[in-house]
Amino acid sequence: MHVFYRSRWAKRPAAEIVYEQTDVAYCCEPMRRCWGVLIGFGVRGHLRSTSREVAIFTSHPQANGKTVQGIMPVDFCPFCGQAVETCRDK
């Protein structure tokens, strides 16, 4: 599986590099269905991220009623086992 991304300079005073997904070449049908819901590039719900890793998304309910998002980087597809590679799109 290949996830293509572009890097850009953030428009903040810190001038960090942020990454933005451009395309995905899926390895299997279950990955296609779960992309952006269970697994994805960066952090769920954000188009740009300072992380260029593919991660599994989790939600952790808190006592105050809100949830905290968790991300766990993955190197292999949890469905078929193929390696997950992030590739820079020029």
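The single condition from (1) part of a strand (DSSP E or B); (2) free of Cβ contacts under 8 Å to residues at least 12 places away in the same chain; (3) of a type in the set (Gly, Ala, Ser) that GLY65 fails is (1). Taken over the stretch 47-74, the criterion of being within 9 Å of the chain's Cα centre (by Cα) and surrounded by 13 or more Cβ atoms within 10 Å (Cβ to Cβ) is satisfied by SER49, SER51, ARG52, GLU53, VAL54, ALA55, ILE56, PHE57, ILE71.
Within the stretch 26-41, restricting attention to residues that are under 17 Å from GLY81 (Cβ atoms) and of a type in the set (A, V, I, L, M), the residue that is surrounded by the fewest Cβ atoms within 10 Å (Cβ to Cβ) is LEU38.
Counting the residues of the stretch 71-90 that are aliphatic (A, V, I, L, M), part of a loop (DSSP other than H, G, I, E, B) and more than 23 Å from HIS60 (Cα to Cα) gives 1.
Scanning the stretch 37-57 for residues that are aliphatic (A, V, I, L, M) and assigned to a loop (DSSP other than H, G, I, E, B) yields VAL37, LEU38, VAL43, LEU47.
Within the stretch 23-36, the only residue that satisfies the criterion of being assigned to a loop (DSSP other than H, G, I, E, B) and under 10 Å from the mean Cα position of the chain (by Cα) is GLY36. Restricting the stretch 10-25 to residues that are crowded, with 16+ Cβ neighbours inside 10 Å and out of contact with any Ser or Thr (no Cβ under 7 Å at 6 or more places or on another chain), which is modelled with the highest pLDDT? Checking each candidate, the answer is VAL24.
The values are calculated or read from the model by the stated rules, or taken from the named source; none is laboratory data. Bear in mind the structure is a predicted one, so any value in this text is a computation, not a measurement. Here the Cβ is made from the backbone with ideal geometry for all residues, glycine too, and neighbour counts use every protein chain on show.
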